[in-house]
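The values are calculated or read from the model by the stated rules, or taken from the named source; none is laboratory data. All values reported here derive from a predicted model rather than from experimental measurement. With ideal geometry, Cβ positions are generated from the backbone for all residues, glycine too; neighbour counts draw on all protein chains shown. To get the accessible areas, we keep the full protein, side chains included, count just its heavy atoms, and leave off ligands, DNA and RNA. Shrake-Rupley method; radii C 1.70, N 1.55, O 1.52, S 1.80 Å.
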Amino acid sequence: MHAFDQKALCGDIHVRYARPDETLAALNQTTLTLAQDDLVIADDNHALALAGIIGGADSAVGTETVDIFLESASFLPAHQAGKARRHKLSTDSSFRFERGVDFALPAVALALATAWIVAICGGEAQPVVSHGTPPVARAPITLRRMRIDEMLGFVIADQNIENILSDLGCEVIHQNINKSINKNR
């Protein structure tokens, strides 16, 4: 998620690949020369951020900012891998995206951040604009009861496990696997 100063934006916001010899004045006070396989968040005129890695100084939120534009996105780990290192950057954002982020989280994060900003600072939220393909469904994770106790080093009640997983937003599906073993004597 990234916040931009709305008055610094020109036209629509796009996710695109960097143009040949395009540069970005980054928030860390360096100027990045972007490669054509770098994904950027851009307005109609230029790159505003190196997607999933670092924002740009030209559109940074500051003490004079009145209106902000929130961008909340998810990027595929395979696409992000190595991009931050190429630019000699190490950011929390790049660390997470290189390892994979739940594709459902951007919408949740955007809603929470918007609600907090409006509650604390006042103002009005504008409608959400979505771009890109629908989120990719994650494969289910099989959680073995005995393995939980082994990993934790203590026994935790089944209902507590289910409550914790549900509170984290997981859908809990019970699968009772009973195998009968026939032994020939």
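If you add up the charges near GLN36, with Lys and Arg at +1 and Asp and Glu at -1, over every other residue whose beta carbon is less than 10 angstrom from its beta carbon, what do you get?
Here the charged neighbours net out to -3.
Accessible surface of MET151 in the full protein assembly, 1.4 angstrom probe, to the nearest 10 Å²?
Per-residue accessible area (MET151): approximately 130 Å².
Grab the DSSP H runs of the chain that are 4 residues or longer, score each as -39,500 (n - 2.57), total them, divide by all residues and round the 222 nm result to the nearest 500 deg cm²/dmol.
It comes out at -7500 deg cm²/dmol, rounded to the nearest 500.
GLN36 to VAL128: extension gain in nm, 0.36 nm per residue of separation minus the Cα-Cα distance?
30.2 nm is the gain from fully extending GLN36 to VAL128.
Which net charge results for the neighbourhood of VAL61, defined as the other residues with beta-carbon distances under 13 angstrom from its beta-carbon, given Lys and Arg at +1 and Asp and Glu at -1?
-4
In a shell of Cβ-Cβ distance under 15 Å around GLY132, excluding GLY132 itself, what net charge do Lys and Arg (+1) and Asp and Glu (-1) give?
-1
Using +1 on the beta carbon of Lys and Arg, -1 on that of Asp and Glu, and nothing else charged, what's the dipole of the chain about the Cα centre, debye to 20?
Approximately 1340 debye in magnitude.
Accessible area of segment 1-111 with a 1.4 Å probe: how many percent of it is carbon plus sulfur?
Result for segment 1-111: 53 percent of the exposed heavy-atom area is carbon or sulfur.
What distance in nm lies between label points placed 7 Å from Cα along the C-beta direction at TRP116 and ASP21?
Placing both labels 7 Å beyond Cα along the Cβ direction yields 4.2 nm.
With angles folded into 0 to 90 degrees, how steeply does helix 105-121 sit against the dominant principal axis of the chain? Use alpha carbons for both and round to 10.
For helix 105-121, the angle is close to 60 degrees.
Using the heavy atoms of the protein chains and a 1.4 angstrom probe, tell me the accessible area per residue for the chain in square angstrom.
The answer is 73 Å² per residue.
Please compute the length gained on full extension between ILE68 and ALA107, using 0.36 nm multiplied by the number of residues separating them and subtracting their Cα-Cα distance.
That pair, ILE68 and ALA107, stretches by 12.3 nm at full extension.
Among (1) 9.3; (2) 14.8; (3) 16.8, which is the computed mean projected area of the Cα convex hull in nm²?
(3)
Distances over 14 Å make up what percent of all Cα-Cα pairs in segment 62-138?
When all Cα pairs of segment 62-138 are counted, 70 percent exceed 14 Å.
Under a point-charge model restricted to the Cβ atoms of Lys and Arg (+1) and Asp and Glu (-1), what is the dipole moment magnitude of segment 29-131 relative to its Cα centre, in debye to the nearest 20?
I would put it at about 560 debye.
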